[in-house]
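Notes for the one structure printed next.
Where a number appears in this text, it was derived from the coordinates with a stated rule and is not lab data. None of these values were measured; they are calculated from a predicted model. We place every Cβ from the backbone using ideal geometry, glycine too, and count neighbours over all the protein chains shown.
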Amino acid sequence: MENLIQSLKVQIIDQLNLTELKPEDIDASAPLFGEGLGLDSIDALELIVLLEKNYGLKIQEPKDAKNIFQSVKTLAEYISAQKK
Amino acid sequence: MGNYILSYSKIAANCLWHNGKLISKSAETAAPSTILEDSYKSLNLSYPKFFKMDSLSKLGVLCAEPVLKDEPVNELFAKEKTAIVLSNKNSSLQTDLAYAKTMRDFPSPALFVYTLPNIVTGEIAIKHKITGENAFFIEPAFNAELLYNYTEMLLQENDAALCGWLHIDEKGCEGFLYFVAKQPAGEGKKSNFIRHNPDSITNLYIN
């Protein structure tokens with residue numbers, strides 16, 4: 001799980017052009033939207049692209065997205081659960 | 001009483017200038033992206049959204065920053081009565097091509113939102129809370145007459161306007177923005193202001 005979280009941090013920085021951040025600057029449990037990284041709706045779409053491109057995952061139920069994209073940790077848990 | 005250019009900036013030949021003063025200088029061989037990054041650092045900006053913007057928006061935001069933060073401009077003009085009038089020759093072509101490339105695989109939402117030239121006017125307006133009207137003209141070359149005529153018309157109902165030219169492609173970038181106002185903001189500084197006319201605009205652009 002820790003490796004996946006680290007990979008996700010690097011991928012998020014790359015996909016969202018957060019070039020001023022380093023992976024260690026991102027708190028895995030901090031909110032991705034609003035506070036924390038302060039991502040916006042376009043970033044949410046980029047995260048959906050990231051999931052599909054890098055992990056072959058599509059979120060089937062839009063209502064689940066809020067929980068999945070809560071933090072890097074919840075994102076990693078979702079990916080991990082889907083891979084089982 | 002005529003209109004005056006109160007402040008202007010340029011990014012050209014690897015340098016960022018504000019009112020003729022050098023702010024930032026990049027290496028002769030620097031790529032446009034490096035010039036923009038060097039300018040960002042020199043302006044001591046802390047604006048995370050900058051890094052998500054396309055190159056055209058970065059160029060516009062960087063050129064606008066010293067002009068709109070300039071003392072008379074920042075302090076004396078109502079943001080709701082300030083217009084933005086920009087122009088270039090390539091529209092948003094560089095971003096359009098980058099987006100087209102992603103369409104072969106996974107279309108990028110972050111690139112898609114920048115596939116219009118007037119997004120840069122929005123980025124400048126958001127950063128500086130400007131809510132006046134705006135326009136973006138596509139012209140084969142810098143056209144001082146067009147900018148002058150359109151701005152003069154706008155100034156009949158607005159107090160001020162940020163105007164200019166923003167060009168960027170893979171070879172280089174050229175930004176020139178200037179702030180025009182209905183009247184000099186402060187008699188004591190009047191001698192520093194430049195009369196707004198096509199010749200003065202052209203002179204500032206060339207020199």
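So what is the calculated 222 nm ellipticity per residue for chain B, using -39500 (n - 2.57) for each DSSP H run with n of 4 or more, over all residues, to the nearest 500 deg cm²/dmol? Can you show the working numbers first?
On the way: 8 runs with 76 residues, N = 207.
So the helix-based figure for chain B works out to -10500 deg cm²/dmol.
Percent antiparallel among DSSP beta bridges with both residues in chain B, to the nearest 5? Can you show the working numbers first?
On the way: 26 of 37 bridges.
Rounded to the nearest five, the antiparallel share is 70 percent.
Loop-only check: which trypsin sites (Lys or Arg not before Pro) in segment B:42-108 are DSSP coil with at most 12 other Cβ within 10 angstrom?
Working: sites: B:LYS49, B:LYS52, B:LYS58, B:LYS69, B:LYS79, B:LYS81, B:LYS89, B:LYS101, B:ARG104; in loops: B:LYS89, B:ARG104.
Passing sites in segment B:42-108 are B:ARG104.
Quick one: work out Rg over Rh on the C-alpha atoms of segment A:2-83, Rh as Kirkwood radius. Mind dumping the intermediate values first?
Numbers: Rg = 11.5 Å, Rh = 12.6 Å.
A ratio of 0.91.
Where does segment B:4-206 land on Rg/Rh, using Cα atoms and the Kirkwood Rh? Intermediate results must be reported in sequence, preceding the final value.
Numbers: Rg = 16.4 Å, Rh = 17.1 Å.
A ratio of 0.96.
Have a look at B:PRO66, B:PRO107, B:PRO117 and tell me which one the Gaussian network model of chain B (Cα, springs below 10 Å) gives the largest fluctuation.
So, out of B:PRO66, B:PRO107, B:PRO117, the one fluctuating most is B:PRO107.
Considering the zone a paramagnetic label at B:LYS49 would reach in this model (a point 7 Å from Cα along the Cα-to-Cβ line), which residues of segment B:56-76 have amide N under 17 Å from it?
B:56-66, B:68-69
Using only Cα atoms, locate the centre of segment A:25-84 and the centre of segment B:56-115, then give the distance between them in Å, rounded to an integer.
28
Report for the protein assembly as shown the percent antiparallel among DSSP-assigned beta bridges with both residues inside it, nearest 5.
Working: 26 of 38 bridges.
Roughly 70 percent of the beta bridges in the protein assembly as shown run antiparallel, per DSSP.
Rank the residues B:LEU111, A:LEU57, B:LEU59 as a footprinting-exposure proxy: fewest other Cβ atoms within 10 Å of their Cβ go first.
Working: B:LEU111 21, A:LEU57 16, B:LEU59 25.
Arranged by neighbour count, lowest to highest, B:LEU111, A:LEU57, B:LEU59 become A:LEU57, B:LEU111, B:LEU59.
Would you mind telling me which residue in B:TYR150, B:TYR47, B:TYR114 has the biggest mean-square fluctuation in a Gaussian network model of chain B, where springs connect alpha carbons within a distance under 10 angstrom?
B:TYR47
Sort B:MET153, B:MET53 so that the residue with the fewest other Cβ atoms within 10 Å of its own Cβ comes first and the one with the most comes last. Walk me through the numbers before you get to the answer.
Working: B:MET153 11, B:MET53 22.
Fewest to most other Cβ atoms nearby, the residues stand as B:MET153, B:MET53.
If I build a Gaussian network model for chain A, linking alpha-carbon pairs within less than 10 angstrom, which residue out of A:GLN70, A:GLN15, A:GLN60 has the largest mean-square fluctuation?
It is A:GLN60.
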